[in-house]
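Below: the structure, in C-alpha cells.
The values are calculated or read from the model by the stated rules, or taken from the named source; none is laboratory data. Predicted model, so just to flag it, every value in this text is computed and none were measured. Backbone-built Cβ (ideal geometry, glycine too); neighbour counts: all protein chains shown.
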Amino acid sequence: MAEISLLLVDDHPVVRNGLRGLFESVPGFIVLAEASNGVEAVALATELDPDVILMDLRMPGGSGLDAITELTRRGARAKILVLTTWDSDSDTLPAIEAGATGYLLKDAPGPELFTGVREAAAGRTVLSPAVASRLVSAVRTPANALAAREREVLALVAKGTSNREIARELFISEATVKTHLSHLFTKLGVTDRAAAVAKGYEQGILGRD
C-alpha cells in the first residue's frame, strides 16, 4: 500500500512537531513539509503536491480558509483535512464550502486522525461528530439567515470597524471580509454598511446582548 504524503499546516511549532511525530510513528504516512500559515501552505502544496494537507484555520500571516480557497481555485490535487480547535459554524461551514474534504478537531485521538487522513486521501468526507451536527443544523437554517461569521462581521461594522481591522480581528483576509459583507448585504436586502447596520438593529440581529 502506497504511503500517504502529508503537508502539516499550523502556526504553533509544538503542534506541528507533535503531528509529525505521531504520523512518523506508524507506517503508511510520510510528512513532506510543514507550514506556519496559509501563504506558506499554498506555496509548499504547489511545490510538493502532497496527498493530504492537515490545515489549521486561524493563523496570523495567512488563514487556513484563504489557503483552502486558493488551493481549490488552482485545482490542487491534495485533499484538505481541517484540523483545528474551532468548531463553530462560522468556521466549519466556510471551510467546507471553500473545498475542504473534511474537518476534525485537535482533541481527536491518534487512531481517529490516521483513519481521517486515509479517508480524506481516498476522497471521502471526514467530519467529527460535533461538526457533522453543526452542518445538519446549518442545512435546516433558512437561506436568508446570517451565518455566525456574517453576524460577527456585522457587529464589528456596527462599531465602525474598518475592513482591515475586521480582517485582523477575525484572522481572515480583507477579501474574505468583503465576501462576507456582500453575502450579508444580499441577505438583508441592502447595498451599504449603514443600511446593513440599521437593518441589523431592526431585525434584532444587533443589540441582543
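Assorted remarks:
- Among residues of the stretch 162-192, those that are buried (at least 16 other Cβ atoms within 10 Å of the Cβ) and either over 21 Å from the mean Cα position of the chain (by Cα) or not small (Gly, Ala, Ser) (or both), counted: 15
- Annotation: GLY62 fulfils all but one of (1) part of a loop (DSSP other than H, G, I, E, B); (2) within 16 Å of PHE23 (Cβ to Cβ); the unmet one is (2).
- Cβ-Cβ distances below 9 Å connect no pair with a first residue in the stretch 47-74 that is over 18 Å from THR85 (Cβ atoms) and assigned by TED's automatic domain parsing to the domain that holds GLU174, a second residue that is β-branched (Val, Ile, Thr) and modelled with pLDDT under 95, and a separation of six or more residues or different chains.
- Single condition ALA67 does not satisfy, out of (1) of a type in the set (A, V, I, L, M); (2) assigned to a loop (DSSP other than H, G, I, E, B); (3) within 19 Å of ARG16 (Cβ to Cβ): (2)
- Criterion: farther than 15 Å from THR125 by Cα, modelled with pLDDT under 95 and of a type in the set (Asp, Glu) - qualifying residue of ASP87, ASP49: ASP87
- Residue among THR125, THR92 that is buried (at least 16 other Cβ atoms within 10 Å of the Cβ) and either assigned by TED's automatic domain parsing to the domain that holds SER25 or not aromatic (Phe, Trp, Tyr) (or both): THR92
- Residue that is nearest to GLU150 (Cα to Cα), among those in the stretch 88-125 that are assigned to a strand (DSSP E or B) and touching a strand residue (DSSP E or B) at 6+ places or on another chain (Cβ under 6 Å): TYR103
- Residues satisfying the stated conditions in the stretch 63-83, i.e. closer than 27 Å to LEU146 by Cα and either acidic (Asp, Glu) or surrounded by fewer than 22 Cβ atoms within 10 Å (Cβ to Cβ) (or both): ASP66, GLU70, THR72, ARG73
- Residue that is farthest from LEU156 (Cα to Cα) [pool: residues in the stretch 170-207 that are of a type outside the set (A, V, I, L, M), in contact (Cβ under 8 Å) with a residue 12 or more places away in the chain and not in a helix (DSSP H, G or I)]: GLN203
- Qualifying residue in the stretch 152-161 (condition: out of contact with any Asp or Glu (no Cβ under 8 Å at 6 or more places or on another chain), surrounded by 11 or more Cβ atoms within 10 Å (Cβ to Cβ) and either modelled with pLDDT under 85 or within 30 Å of LEU7 (Cβ to Cβ) (or both)): yes
- Filtering ARG164, ARG134 for residues that are at pLDDT 85 or above and out of contact with any strand residue (DSSP E or B) (no Cβ under 7 Å at 6 or more places or on another chain) leaves a single hit, ARG164.
- Of the listed requirements (1) touching a residue at least 60 places away in the same chain (Cβ under 8 Å); (2) in contact with a helix residue (DSSP H, G or I) (Cβ under 6 Å, 6 or more places away or on another chain), LYS106 misses just one: (2).
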